[in-house]
Amino acid sequence: MTRMRKKRISYIFLTVSLSLYLQACGDKSNFQVSPEDLYDSKDLHVITTWFNNRHQTISILYGNEQAASVPANDIHVHQVGERYTLVTWHQQGNPLWFGGQITGHITLIEQVDINTLASGAIEPHYNVTYSERTDSISGTTLERERIDYILSRKKIEHL
Amino acid sequence: MYNAAHKKKVVVILIISVVAVWILTTLTPPLTNPPATGEFDGPDSVQRILKHACYDCHSNHTKLEWYHQVAPLSWKISADVLEARRHLNFSHWDSLSAADQRAKLWYAVNMVEQGRMPRRDYTLLHPSAKLSEREVGALKNYIVALTNTSKTQPGKPIVKQVSDQPVVRESPNGIQYFSDYLHWKVIVATNRFDNGTMRVIYGNDIAVKAVQEGNINPWPNGAAIVKVVWDAGEQDADGNIYPGAFNNVQFMIRDDERFKRTEGWGFARFNTSHLVPYGKNVSFEVDCMNCHRLASANGFVFDIPTKKP
């Protein structure tokens, strides 16, 4: 083996070793940014939030200015114009912190609007604006349950 | 003739180098192992893992080979070990409160989980220090169990009561509390089973746009992120867990000139509903940054929406 050839082999060996080492030193990137999971709440404000480890979900209840200004401990008669939007995400482990759970993809968006009927009576209207569930929430009883649930959430202790 | 002169030159240089190394080594104060005040007292299985993977740097039981004590390598090893002990020393475990011990262990487990510890330059020379998946799993199980058994005494930030004093809502680094974030968009919501809290994380328009465009390495100047933290409350019959008492609010403000020494992020935390600024002096930021280095893949922000590729 000529001296030049030996030199070349050593050079290739060193380069390959260095590249492998540098590659091994890189961060473990087993995830990527997921902008589609960011909910565009527009002008809505956070009313409260909760999580559920049985269903592996995290929820945020938003409200428009009128809904979000209802005091936490008020026995409230809902007023026309209030809008409540409940966004539910799948809960997943935070890839950057073992010990933390974080919102993943959106699974359900429900909306309740306090409307007036032609008779003048006040009526909450329930609507699912997005769902990845196959068992759709339909039927008067189920809708009624969801309306009651959403409207009975208390405002979070904020600042 | 040339060869003889050349050889002589090489021998002289070698002798000078050896003498120089000997002098430097002799003059360098040796790295010592001071007596332990109180060792980590976890289960034997966990102690075994920590001893073979962590103790050389994170305890007063550092085992040095002869070549570790030769300058200039000894300088590097000495500096690394002393710094490691400052961060976490299992030989002074008794000097930490139970809550701080748990916090240190959670951080250590996350360093291991992300493959940042033991350091690669260490495992290159000490391959036996590498942790297997089973060992990492054992550490994770231990810290989860430890946290679950101590839930009756949740670790809370130590807060000075200031009810009869005027509230100063300014962090030692000059960041003042503001409430504009209540009109910002939510980036993510999280909950932490390591410390029993739940959070809503808001971003201003610049931060939200950065997430939408994946422009987070680095985040643009002007981005601001606010994390509102509550203690996790009781669980209802359906399994829902709602926020309990307000715990703290944390700010991250992006300004790569002003906050140069902390990778361009200014940190602030305001504890309890009194919004008591956290940190005795500006050096608290370094602790914040050291922890946030774990999130370097996300521009030092832990909580943004992610998915598997």
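How about the range B:41-83: which chymotrypsin sites (Phe, Trp or Tyr not before Pro) there are in a DSSP loop, with at most 15 other Cβ atoms within 10 Å of their Cβ?
Values: sites: B:Tyr55, B:Trp66, B:Tyr67, B:Trp75; in loops: none.
Counting only loop positions with at most 15 other Cβ atoms within 10 Å, none of the chymotrypsin sites (Phe, Trp or Tyr not before Pro) in the range B:41-83 qualifies.
Summing +1 for each Lys or Arg and -1 for each Asp or Glu, what net charge is found among the other residues whose Cβ lies under 14 Å from the Cβ of B:Val228?
Details: positive: A:Lys155, B:Lys185, B:Arg192, B:Arg199, B:Lys227, B:Arg269; negative: A:Glu157, B:Asp180, B:Asp231, B:Asp303.
The answer is +2.
Quick one: B:Ile77, B:Ile15, fewest Cβ neighbours within 10 Å first, how do they rank?
Values: B:Ile77 21, B:Ile15 10.
Fewest-to-most Cβ neighbours within 10 Å comes out as B:Ile15, B:Ile77.
Counting only C-alpha contacts under 8 Å and six or more residues apart, can you give the relative contact order of chain B as a whole percent?
12
Return the sequence-ordered ³J(HN,Hα) values of the range B:27-40 in whole Hz as given by the Karplus equation 6.51 cos²θ - 1.76 cosθ + 1.60 applied to θ = phi - 60°, using x for Gly and Pro.
Working through the residues one at a time gives 6, 7, x, x, 6, 10, 10, x, x, 6, 8, x, 7, 3 Hz.
Among B:Ala138, B:Ala79, B:Ala108, which one shows the biggest mean-square fluctuation in a GNM of chain B, springs joining Cα atoms closer than 10 Å?
Highest fluctuation of the listed residues: B:Ala79.
Quick one: net charge around B:Ser171, please, counting Lys, Arg +1 and Asp, Glu -1 for every other residue with C-beta under 10 Å from its C-beta. List each step's numbers first, then the result.
Values: positive: B:Arg169, B:Arg269; negative: B:Glu170, B:Glu285.
After counting each charged neighbour, the total is 0.
Given points 7 Å out from each Cα along the Cα-Cβ axis, report the B:Glu257 to B:Gln176 separation in nanometres with one decimal.
The two pseudo-label positions are separated by 2.0 nm.
Can you bin the range A:67-147 into rounded, prolate or oblate? Criterion: square roots of the alpha carbon gyration tensor eigenvalues sorted a ≥ b ≥ c, rounded for a/c under 1.5, prolate for a/b above b/c, oblate for the rest. All intermediate terms of the calculation are to be shown ahead of the outcome.
On the way: a/c = 3.30, a/b = 1.70, b/c = 1.94.
Cα axes put the range A:67-147 in the oblate bin.
Which order do B:Leu125, B:Leu96, A:Leu38 fall in if you start with the one that has the fewest other Cβ atoms within 10 Å? Please report the intermediate quantities before stating the final value.
Values: B:Leu125 10, B:Leu96 17, A:Leu38 20.
Sorted ascending by nearby Cβ count, the order is B:Leu125, B:Leu96, A:Leu38.
I need the phi-derived Karplus couplings for the range B:235-247: 6.51 cos²θ - 1.76 cosθ + 1.60, θ = phi - 60°, integer Hz, Gly and Pro marked x.
Rounded to whole hertz, the list is 8, 8, 4, 8, x, 7, 10, 9, x, x, 5, 5, 9.
I need to check one value: relative contact order of the range A:39-129, counting alpha carbon pairs closer than 8 Å and at least 6 residues apart, in percent. Please list the in-between numbers first.
Values: 174 pairs, mean separation 19.7, N = 91.
That works out to 22 percent.
Given H placed on each backbone N at 1.01 Å, which residues far from B:Val188 in sequence or on other chains put an amide H within less than 5 Å of it?
Those qualifying (amide H under 5 Å, at least 5 residues apart or on another chain) are B:Ile201.
For B:Asp44 and B:Glu234, what is the calculated FRET efficiency with R₀ set at 35 Å and r taken between the beta-carbons, to the nearest 0.05?
For B:Asp44 and B:Glu234, the calculated efficiency is 0.45.
In what order do B:His6, B:His92 fall by count of nearby beta-carbon atoms within 10 Å, going from fewest to most? List each step's numbers first, then the result.
Numbers: B:His6 10, B:His92 17.
The fewest-first ordering by Cβ neighbours comes to B:His6, B:His92.
Between the range B:233-309 and the range B:10-45, what is the separation of their alpha carbon centroids in Å?
The distance from the Cα centre of the range B:233-309 to that of the range B:10-45 comes to 39 Å.
Pull out the extension gain between B:Asp94 and B:Ala79, defined as 0.36 nm times the separation in residues minus the alpha carbon to alpha carbon distance; nm, one decimal. Provide the component values of the computation, followed by the final result.
Working: separation 15, 0.36 × 15 = 5.40 nm, distance 2.38 nm.
Length difference between fully extended and current span is 3.0 nm.
Could you please report the charge total around A:Gln32, scoring K, R as +1 and D, E as -1 over all other residues with beta-carbon less than 9 angstrom from its beta-carbon?
Result for the local shell: +2.
Can you flag which of A:Lys42/A:Lys154; B:Lys260/B:Lys280; B:Lys76/B:Lys104; B:Lys209/B:Lys260; B:Lys76/B:Lys140; B:Lys227/B:Lys260 are past 26 Å Cα-Cα? Let's see the in-between values first.
On the way: A:Lys42/A:Lys154 22 Å; B:Lys260/B:Lys280 20 Å; B:Lys76/B:Lys104 24 Å; B:Lys209/B:Lys260 23 Å; B:Lys76/B:Lys140 31 Å; B:Lys227/B:Lys260 22 Å.
The pairs that break the limit, which is 26 Å between Cα atoms, are B:Lys76/B:Lys140.
Are there trypsin sites (Lys or Arg not before Pro) in the range B:162-253 that DSSP puts in a loop and that have at most 16 other Cβ atoms within 10 Å, and which ones? Spell out each step's value before the answer.
On the way: sites: B:Arg169, B:Lys185, B:Arg192, B:Arg199, B:Lys209, B:Lys227; in loops: B:Arg169.
Within the range B:162-253, the qualifying trypsin sites (Lys or Arg not before Pro) (loop, at most 16 other Cβ atoms within 10 Å) are B:Arg169.
Taking the simple approach of a point 7 Å from Cα along Cα-to-Cβ for both B:Asn148 and B:Val11, what is their distance in nm?
About 7.2 nm, to one decimal.
Can you list which of the GluC sites (Glu not before Pro) found in the range B:1-101 are DSSP loop residues with at most 14 other C-beta atoms within 10 Å? Display every interim value, and only then the final one.
Working: sites: B:Glu39, B:Glu65, B:Glu83; in loops: B:Glu39, B:Glu65.
When the GluC sites (Glu not before Pro) of the range B:1-101 are filtered for loop state and at most 14 Cβ neighbours within 10 Å, B:Glu65 remain.
Could you work out how far helix B:98-113 tilts from the main Cα principal axis of chain B, as a 0 to 90 degree angle to the nearest 10?
Rounded to the nearest ten degrees, it is 70.
Please work out the FRET efficiency for the pair B:Lys308 and A:Leu117, using the Cβ-Cβ distance as r and a Förster radius of 56 Å; give the result to the nearest 0.05.
0.75
From the square roots a ≥ b ≥ c of the eigenvalues of the alpha-carbon gyration tensor of chain B, which class results: rounded (a/c under 1.5), prolate (a/b over b/c), or oblate? Could the numbers behind the result be given before it?
Working: a/c = 2.18, a/b = 1.70, b/c = 1.29.
It comes out prolate by the Cα gyration axes.
Grab every C-alpha pair in the protein assembly as shown, bin the distances at 20 angstrom width from 0 up to the longest one, and report whole percents.
19, 46, 24, 8, 2, 0
Laboratory data are not the source of any read-out in this text; all were calculated from the coordinates shown. The structure displayed is predicted, hence computed values, not measured ones. Every residue, glycine among them, receives a Cβ derived from its backbone with ideal geometry; neighbour counts consider all protein chains shown.
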